[in-house]
Each structure stands twice: as structure tokens, then as C-alpha cells.
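Reviewing the structure listed below.
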Amino acid sequence: MKCKLCENDMQLCKSHIIPELFYKKLYDSKHRAVGIHSEGYIEIIQKGIRERLLCKKCEGYISKKIETPFEKQWKTVLPKSYSYDILELSGLNYTVTKLMVLTNLWRAHCSKLEIYESVKLGPYAEKIKKMITELNPGDESKFPMWGQLVVDKDNKVHADIITPYTQSKLHGNHMYYAIALLPSILDIKGLDIC
């Protein structure tokens, strides 16, 4: 089968759509997490959502050049609690951070799984793929991004939820976002990240 990144006919790996590094905080001591489906049923998972998308070489490339550097920096910049309205994160490498976001979105676009069927990048998929292969995130005007922290009533930051992408429009432009909510937490407030 053809690798979605290099387009060579290769044996494909079970590629994570959203990297396993984002699932780490979800797992209990037995490496289990709860998956809640839109149909209302609950499932115990031990790995994030995966699909045969990339060859071993391309998996390694993304892991080494994007995911591992992102994980190292992310551990150091995300606060455990925060009580102000705006948080400006420093210490993030622009290239790695933007390519991390774009890689996840691009893999969701490539996926045939129902959970990602709303992610349709059209002609932008090839542009993003080129950005990934060249490790070139483009300037801030190309595929701009922003984020929010989920903070509970005690100002504890929650980075332990993963949801599928939702497509929307902002000022006439298409956008994709993921929402993180914990049903057991009351008084959640959004916190814009600059």
C-alpha cells in the first residue's frame, strides 16, 4: 500500500492520528483509558486511535523531527494551574509546535475512519504535506493557529482529554478545532493562549 507521506508502496504501520504522547495523561496504572463515543457508549482503550497510513521510515521521521522535540518542550511550558485570562507561552519552538498541529490535522484528513470524516483539507492537504516533509511551517499567516487551556474552578489546568476535530468557520475562513471538556468538572473557563 502507498504511504500517505512519501507515496512509496511500502508496508504500512498502524499510525496514530493523534500521537501517543497526548494520551499519556489519560492512562491509569494498567495503561487503560476511557473512550466515550458520540453514540453514548463507553469503551476501555489502551492505545490511541490508529490506522495504517505511514511506512516505518515516515513514522520515524515524524517521531524524530516533530513529535519528540514537541513533547520535550511541551512538558516544560504547560502550567499545572493558572488563574488569569490570558497566558502567553514562551519557550515553544514555532517550527516544531506548528508542524505538530499540522501533522495531526493532516493525518486526520488522510484517515478513512468515521471519527475523522469531517476533516477535509482539499488542496491544502498537499501544501501541508509539503510543509511536513520540508520541516517548513511557513509564516504565521499560513494556517494560523491558537489554543485554549481548560481550567477548572480551582484553576487546575486539564490537558488530559482528546476529542475529534470539528470543522467550523471564523471570519469566512474554514477552521478545525478540538474541544476538551470533563463532565465531572464544573465551572470550566476558557483561557486563550497567545
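The values are calculated or read from the model by the stated rules, or taken from the named source; none is laboratory data. Everything quoted here is computed from the prediction, not taken from an experiment. Backbone-built Cβ (ideal geometry, glycine too); neighbour counts: all protein chains shown.
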Suppose we filter the range 61-93 for residues that are among the hydroxyl-bearing types (S, T, Y), at pLDDT below 90 and either closer than 23 Å to C13 by Cβ or assigned to a loop (DSSP other than H, G, I, E, B) (or both); how many remain? 4
Only residues in the range 107-135 that are in contact (Cβ under 8 Å) with a residue 24 or more places away in the chain count as the first member; pair them with residues that are assigned to a helix (DSSP H, G or I) and surrounded by fewer than 19 Cβ atoms within 10 Å (Cβ to Cβ), Cβ under 8 angstrom, at least 6 apart or cross-chain, and list the lot. C110/A125; L135/K65; L135/T95
Within the range 87-108, take every residue that is under 12 Å from the mean Cα position of the chain (by Cα) and not hydrophobic (A, V, I, L, M, F, W, C) and give me the one that is nearest to F70 (Cα to Cα). T97
Taking the residues in the range 176-191 that are in a strand (DSSP E or B) and at pLDDT 50 or above as candidates, determine which candidate is surrounded by the most Cβ atoms within 10 Å (Cβ to Cβ). Y176
Out of (1) modelled with pLDDT of 85 or more; (2) out of contact with any strand residue (DSSP E or B) (no Cβ under 9 Å at 6 or more places or on another chain); (3) exposed (fewer than 14 other Cβ atoms within 10 Å of the Cβ), the one N173 does not meet is (1)
Would you say K156 is over 25 Å from L12 (Cβ atoms), more than 15 Å from the chain's Cα centre (by Cα) and at pLDDT 70 or above? yes
Go through the range 121-153 and report how many residues are in a loop (DSSP other than H, G, I, E, B), at pLDDT 85 or above and surrounded by 14 or more Cβ atoms within 10 Å (Cβ to Cβ). 5
